[in-house]
1. In the stretch 16-48, what count of residues is obtained for those that are outside any helix (DSSP H, G or I) and more than 15 Å from the ligand (Cβ to nearest atom)?
2. Tally up the residues in the stretch 44-67 that are surrounded by fewer than 14 Cβ atoms within 10 Å (Cβ to Cβ) and modelled with pLDDT of 95 or more, please.
3. Can you find a residue in the stretch 130-145 that is over 13 Å from the mean Cα position of the chain (by Cα) and open to solvent by less than 60 Å² (accessible area, probe 1.4 Å)?
4. Does Gln51 satisfy the condition of being in contact with a Phe, Trp or Tyr (Cβ under 8 Å, 6 or more places away or on another chain) and in a helix (DSSP H, G or I)?
5. Is the stretch 96-116 home to any residue that is within 14 Å of Leu4 (Cα to Cα) and of a type in the set (A, V, I, L, M, F, W, C)?
6. Any idea which of Ile75, Ile123, Ile134 is more than 15 Å from the ligand (Cβ to nearest atom), under 21 Å from Asp20 (Cβ atoms) and not basic (Lys, Arg)?
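The values are calculated or read from the model by the stated rules, or taken from the named source; none is laboratory data. Every value quoted in this text rests on a predicted model; they were computed, and no experiment measured them. No Cβ is skipped: glycine too gets one built from the backbone with ideal geometry, and neighbour counts run over all protein chains shown. Just the protein is used for accessible areas: all its heavy atoms, side chains included, with ligands, DNA and RNA removed. Shrake-Rupley method; radii C 1.70, N 1.55, O 1.52, S 1.80 Å.
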Amino acid sequence: MSILEIVKEPDPILRKKSNDVKNVDESLQRLMDNMLETMYRAPGIGLAAPQVGILKRVIVIDLAKEDEPKKPLYIINPKILWKSEDLISREEGCLSIPGHFAEVARPSKCKVQYLDYNGKTQIINADDLLSTCIQHEVDHCDGILFIDYLSKLKKDMILKKLIKTKKEKQIL
Ligand code: ZN
């Protein structure tokens, strides 16, 4: 397995729409293994393929706590079939937006259809943190980031800081 480079905002690739996967084959499974490893290393609880520069609708999630056995969830071609009307507000972060966190309100529950690691169709009824996490990651597949839900003022402030960090890294 190998660790992939995580794309940081601002980067045009994070704003592109990803494509559905046609075949769940060994090379896709390898990508998911590497994404999971990259996410664990970061560390994070969710990662979408566009965040490693690959425009495929592929997501990995693991909400297990540090002292619990790992519980990876592989989600390919997610389709949100239903979202609850009631919203829940939660502090979100993103591996592509390091160091910044903000409250985002999203539907508290959702029902999602997807293909699993073996290409089998699955349906999940997600609530709580999993619901938030899936919606955040599906957004990545559509080129949407959590900062898009914030006020323009707050979003611009975060973007400015991200650009500054990128520039500093380039100089070093
Ligand atoms: Zn993210």
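1. Going through the stretch 16-48 one residue at a time, the tally reaches 8.
2. Adding up the residues that qualify gives 2.
3. no
4. So Gln51 does not fit the description; no.
5. No, every residue in the stretch 96-116 fails to be within 14 Å of Leu4 (Cα to Cα) and of a type in the set (A, V, I, L, M, F, W, C).
6. When all the criteria are applied, what remains is Ile123.
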